[in-house]
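To start, the structure itself, in structure tokens.
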């Protein structure tokens, strides 16, 4: 695992497409119980090198009902984004994760994570990649039908502050999905 993480952190396969250059962000341990698969780091995470070290991460930890210490304990959580580096800014937010990362690195990582009990799929990119044809037409439909993907996968919206409108428009998420998420996370910790 250490060699693989080292190789990922040295990766530069898409560096010509990265406005801030490569700085792959990943965290994993062979004892990890839960994998968090998000989109790609933002500028704050790119600067710090710490996964989910921003407002979205703070909200995610609140959803999970866990401390920073538990969240960053690699024996509990593997943090594997769809794109390991900051992809750049688009018209309405960050660009999508670079498409090279997941096919290049994810299977190698997953093969070294034999104790995983739950995979949190955060956002449309992770859901489409991992659920394939089983994903619904929209993120909202996929998250609303989360029970279909259990016990292995639990699809979630992105916890970004920009998603306030989605969360307000879909109050069932707080009522149905978050209690299930907290229950499953506490079970494996």
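Every read-out reported here was derived from the displayed coordinates using simple, explicitly stated rules and does not represent laboratory data. All figures in this text were calculated on a predicted structure; none of them were measured in a lab. Cβ sites come from the backbone with ideal geometry, for glycine too, and all protein chains shown count toward neighbours.
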With criteria (1) crowded, with 20+ Cβ neighbours inside 10 Å; (2) over 21 Å from residue 172 (Cα atoms); (3) touching a strand residue (DSSP E or B) at 6+ places or on another chain (Cβ under 9 Å), residue 113 comes up short on (1)
Starting from residues that are over 21 Å from residue 75 (Cα atoms) and surrounded by 15 or more Cβ atoms within 10 Å (Cβ to Cβ), keep the ones in segment 18-40 and report whichever is nearest to the chain's Cα centre (by Cα).
39
May I ask you to list the residues in segment 60-107 that are farther than 27 Å from residue 175 by Cβ, free of Cβ contacts under 8 Å to residues at least 40 places away in the same chain and surrounded by fewer than 16 Cβ atoms within 10 Å (Cβ to Cβ)?
69, 90, 91, 92, 99, 103, 107
Considering only segment 125-139, I want to know if a residue exists there that is in contact with a helix residue (DSSP H, G or I) (Cβ under 7 Å, 6 or more places away or on another chain), outside any helix (DSSP H, G or I) and in contact (Cβ under 8 Å) with a residue 40 or more places away in the chain.
no
Quick check on my filter: what residues within segment 93-122 are over 22 Å from residue 22 (Cα atoms) and either part of a loop (DSSP other than H, G, I, E, B) or over 15 Å from the mean Cα position of the chain (by Cα) (or both)?
111, 112, 113, 114, 115, 116, 117
